[in-house]
Amino acid sequence: MRHNDWSKILGWPGYAVYQQEIDEKAKTLKLWVRRKRGNLRLICSGCGRRIGQPADVTEREVRDLPCFEYRTTVVIEVYRVRCPDCGLKIEKVDQLPSKAPFSKRFEEAVGEACESASGRRVALRFSLPESTVRAIDLRYLERWSQYRKKPALRQMGVDEIYLGKKAKFVTVVSNLETGEPLWFGQERKKETLDEFFRSQLSKRQKERIEVACVDMWAPYRLSIEEWAPCCKIVYDKFHIMQHANKAVDEVRRAEFFRKGGPMRDLMKGKRWLLLTRWVNLADGHKQMLNELFRINRKVMKAYLLKESLDRLWNYIYEGAMLCYLQSWIDQLRWQRLEPFQKLALMLLDHLDGILNYCRLKPRLGVVEAINGNIKMLVRRGRGYKNLRYLLLKAQRMAATKTEFVAFRKVA
Ligand SMILES: [Zn+2]
């Protein structure tokens, strides 16, 4: 084959193959390329300035996409330039996105593969170490993030996620309209969210935020009130239902576990049953739950209370919502379900923020979906030590809608 044909097959714009080597046994192909005659637009990789003359020339070897069954590497002539601002620098070459020994399109292929498979599987497929795959994926995501449009933040979600013993709690700020996480911060204090406002948003951007969906958790509210005074706070369904689930669980523990013996065994491994909504249970599971209810009425009442609280968000008029909440609280009388009485007091304390849902109608279920996606990534990725990587990964997932947990529609 002529050099010219190899140049066409390789398809690096502006570059021509001048030498090749095929190893049939090892199934490798190696191509040497240099700039085509007349293609001498040198650009400083430091600042992007055009430079007239090269200072000297070196060679770099990078792995490119395979050619049929042949693992392919390209040896490329790279110039160094003497830039008035940066000094002696390597020229910018489109096919070489970083100092790592891979071509741009090879990194893209690895990055795309990482979108639907675990790092370990991608590593096997490309016969690379897993750490290299992760580094390539991170660069791929950084490049994507750098060039994409970032929509304005008007509806904000703030949530906390527990990432395991090492990373502990992480505060997640998200854009509810686009359904993507924007920022991660270590811990879940007021200072954590302060840092987001301080480092990520301009004064105008802060003024533009209209709504924030948060948990009934004072530190976040205090931070929002300080930094975004125009922003209204909504205590959203997802966070309130988390508290309701916690109350059900407390009743379960009081009723079964503290009594010990056979009662305890009966309840073993059934916590999730009580935390799942009735509509989402299979028939067999509904039956299991009904049997539990026959044994213990208190657990049944707790479950029904949780189920009926869920319907609070079916109301879109403030008066109707308030009315429903009042009747829900009235049901608690004479029930002696302490965790629910505590919950009711908490709801009354945060009433204005709960009713704000009717006034502002932020998208429901987004915080929950983002939360679910991040947890799934963490489970699959075996721990992200690098929070930046986890954030980019979750953003990419939201943007491409890969395996995106569907938003739950309000019935
Ligand atoms: Zn420069």
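The values are calculated or read from the model by the stated rules, or taken from the named source; none is laboratory data. On a predicted model such as this, the values are computed, not experimentally measured, just so you know. Cβ atoms come from the backbone with ideal geometry, glycine included; neighbour counts cover every protein chain shown. To get the accessible areas, we keep the full protein, side chains included, count just its heavy atoms, and leave off ligands, DNA and RNA. Shrake-Rupley method; radii C 1.70, N 1.55, O 1.52, S 1.80 Å.
Tabulated values for the structure
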quantity	calculated
Qualifying position, being open to solvent by 80 Å² or more (accessible area, probe 1.4 Å), on the phi < 0 side of the Ramachandran plot and within 32 Å of the chain's Cα centre (by Cα), among N314, N280	N280
Number of positions in segment 102-145 that are crowded, with 16+ Cβ neighbours inside 10 Å and not in a helix (DSSP H, G or I)	3
Positions within segment 138-158 being free of Cβ contacts under 8 Å to residues at least 40 places away in the same chain and touching a helix residue (DSSP H, G or I) at 6+ places or on another chain (Cβ under 7 Å), in sequence order	Y140
Pairs, first farther than 18 Å from R154 by Cβ in segment 206-234, second assigned to a loop (DSSP other than H, G, I, E, B) and open to solvent by 80 Å² or more (accessible area, probe 1.4 Å), C-beta under 8 Å, six or more apart	P219/K189
Residue check, L345 more than 13 Å from the chain's Cα centre (by Cα), among the hydrophobic types (A, V, I, L, M, F, W, C) and modelled with pLDDT under 90	no
Selected residue (criterion: nearest to the ligand (Cβ to nearest atom)) from residues of segment 21-54 that are loosely packed, with under 15 Cβ neighbours inside 10 Å and assigned to a strand (DSSP E or B)	R50
Tally of residues being buried (at least 18 other Cβ atoms within 10 Å of the Cβ) and among the acidic types (D, E) across segment 331-380	1
Members of segment 55-75 found to be under 37 Å from the mean Cα position of the chain (by Cα), within 18 Å of I9 (Cβ to Cβ) and part of a strand (DSSP E or B), listed by number	V62, R63, C67, Y70, R71, T72, T73, V74
Failed item, numbered, when A16 is tested on (1) over 26 Å from R125 (Cβ atoms); (2) in contact (Cβ under 8 Å) with a residue 24 or more places away in the chain; (3) more than 16 Å from the ligand (Cβ to nearest atom)	(2)
Candidate set from segment 55-87 (those that are within 16 Å of the ligand (Cβ to nearest atom) and touching an Asp or Glu at 6+ places or on another chain (Cβ under 6 Å)); member that is most open to solvent (accessible area, probe 1.4 Å)	R80
Conditions (1) over 29 Å from P339 (Cβ atoms); (2) touching a residue at least 40 places away in the same chain (Cβ under 8 Å); (3) touching a strand residue (DSSP E or B) at 6+ places or on another chain (Cβ under 7 Å): number failed by G185	(2)
Among (1) surrounded by 14 or more Cβ atoms within 10 Å (Cβ to Cβ); (2) free of Cβ contacts under 8 Å to residues at least 60 places away in the same chain, the one test that Q95 misses	(2)
Residue within segment 41-48 that is within 17 Å of D94 (Cβ to Cβ) and in contact with a Pro (Cβ under 7 Å, 6 or more places away or on another chain) present	yes
